[in-house]
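Here the structure comes first, spelled out in structure tokens, and everything after it is commentary.
The values are calculated or read from the model by the stated rules, or taken from the named source; none is laboratory data. These figures come from a predicted structure and were not determined experimentally. Glycine also receives a Cβ, built like all others from the backbone with ideal geometry; neighbour counts cover every protein chain displayed. The accessibility values were calculated without ligands, DNA or RNA, using every heavy atom of the protein model including side chains. Shrake-Rupley method; radii C 1.70, N 1.55, O 1.52, S 1.80 Å.
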Amino acid sequence: MEYDIKNAELAPGGRLRIDWASTEMPVLKGVKERFHDDRPFAGMRVSACMHVTTETANLMVALQQGGADVVLAASNPLSTQDDVAAALVAHYEIPVYAIKGEDVETYHKHINAVLDHQPHIIMDDGCDLVSTLHKNRRDAKSNIIGGTEETTTGIIRLRAMAKDGALEFPMMAVNDAMTKHLFDNRYGTGQSTMDGVIRATNYLIAGKNVVVAGYGWCSRGIAMRARGLGGNVIVTEIDPLKALEAVMDGFRVMPMIEAAPIGDIFVSATGNINVFDTHHFAVMKNGALLANSGHFDVEINIRGLTKMAVEQPKRVRPFVDQYVMADGRRLNVLGEGRLINLAAAEGHPASVMDMSFANQALAARYLIDNQGKLENKVYSVPEEIDQEIARIKLAAMDIQVDVLTTEQDKYLNSWEEGTV
Ligand code: ADE
């Protein structure tokens, strides 16, 4: 079996951590058991490009139980958990191509390695696998039934491809599912981002001015958790509706250039480029922390910051690079500007990835069950799947909900009722 991982000896520790995460993933466990009985992926090859974490490992094992022949590459050069990669190879015989800290060339080599597998199903997180396949690896396209995409950023890229008529197979937008973005993006990103900032710096958040760029689901989560830790949170936005929501949620809202001189900690999760730019660096406080929690490492203009710095950045702690400005101020970039929650912490906790990855698994099955019936478009996960995942998650948490009485059901479905 071919693979490329850091160190095979890390496997036993990785396996323990994969098992630990599985105890928080009851929905995926149920899906895995069903897959074991039904074998929906028998004879199918699945190529995945995802963050190599304990949660992803549980997803890969569920697919394998369903009969799939799975291979996995990292979806970010800095997000791989090397012990998990080793455990997948040693204990589950799943080829993994991922090394934490790999350079960009190796990252692309790893993506190409999983495409050599000639997949039937693609699982992507950020759309690099799908875009490589369309641009440079058309030889790997012949068996493809379709694919799934995990993130907001990836889905934006896919929709652009579909609009251009460039998408050559159906893709399922997992992020569109309510049981994905309402929980993973908000509570997962919120908690794990602050976890990453804290693990990288050991900073006290209480009393700090925390500037959160954007007020989408991820940024909302970050703002909420930063406030919970005692931070004075400032939100920046470009969308008036989201800005208004942030205001009414009790956050200060202002343009980035006004937030720049007062912020102590800056976190971006917008999906856009140069959100923290040179004119912001010029006025930031000495000691400011800059972190990104968006999918790509484009939100902090690191190239511009490097040009402004009077010397090469110094690694003052793992995941903290310090840039010295001409006036002596020091600005600290966390996790090389890559997703801080996966670079310096362990990514979203298993309990939310449980629902995201149940969506992934069931979306992949949907592609198989509807083979030949789907167009080369971006599809949302069917609402029945979303509802089912929510129901199973609640049951696993031992939480019951009410059901409508016949009278209430009738009332909701009638148009004659009104003022009495
Ligand atoms: N994205 C964010 N957190 C993650 C995790 N724990 N596993 C896989 N992908 C993730």
Part of a helix (DSSP H, G or I), touching a Pro at 6+ places or on another chain (Cβ under 8 Å) and away from the ligand (no atom under 16 Å from the Cβ) - does that describe any residue in segment 43-58? no
Would you be able to tell me the number of residues in segment 55-75 that are open to solvent by 10 Å² or more (accessible area, probe 1.4 Å) and polar (S, T, N, Q)? 3
If you go through segment 188-213, how many residues are closer than 16 Å to T270 by Cα and either open to solvent by 10 Å² or more (accessible area, probe 1.4 Å) or assigned to a strand (DSSP E or B) (or both)? 4
Out of segment 332-374, which residues are away from the ligand (no atom under 12 Å from the Cβ), of a type in the set (S, T, N, Q) and either open to solvent by 10 Å² or more (accessible area, probe 1.4 Å) or more than 17 Å from the chain's Cα centre (by Cα) (or both)? N332, N370, Q371
When both residues are 6+ apart or on different chains and their Cβ atoms are under 9 Å apart, which pairs have a first residue that lies in segment 38-60 and is without any contact (Cβ under 8 Å) to a residue 12 or more places away in the chain and among the basic types (K, R), and a second that is open to solvent by 20 Å² or more (accessible area, probe 1.4 Å) and within 11 Å of the ligand (Cβ to nearest atom)? none
Quick check on my filter: what residues within segment 351-387 are out of contact with any Ser or Thr (no Cβ under 7 Å at 6 or more places or on another chain), aliphatic (A, V, I, L, M) and over 20 Å from L158 (Cβ atoms)? V352, M353, A358
Kindly evaluate N272 against the criterion of being more than 27 Å from the chain's Cα centre (by Cα), within 28 Å of E336 (Cβ to Cβ) and open to solvent by 70 Å² or more (accessible area, probe 1.4 Å). no
Among residues of segment 108-152, those that are under 23 Å from G67 (Cβ atoms) and either of a type in the set (K, R) or without any contact (Cβ under 8 Å) to a residue 12 or more places away in the chain (or both), counted: 1
Going through segment 262-292 one residue at a time, which ones are among the small types (G, A, S) and in a strand (DSSP E or B)? S268, A291
Return the residue satisfying two criteria in turn: it lies in segment 301-341 and is touching a residue at least 60 places away in the same chain (Cβ under 8 Å) and touching a Leu at 6+ places or on another chain (Cβ under 7 Å), and of such residues it is nearest to P26 (Cα to Cα). I340
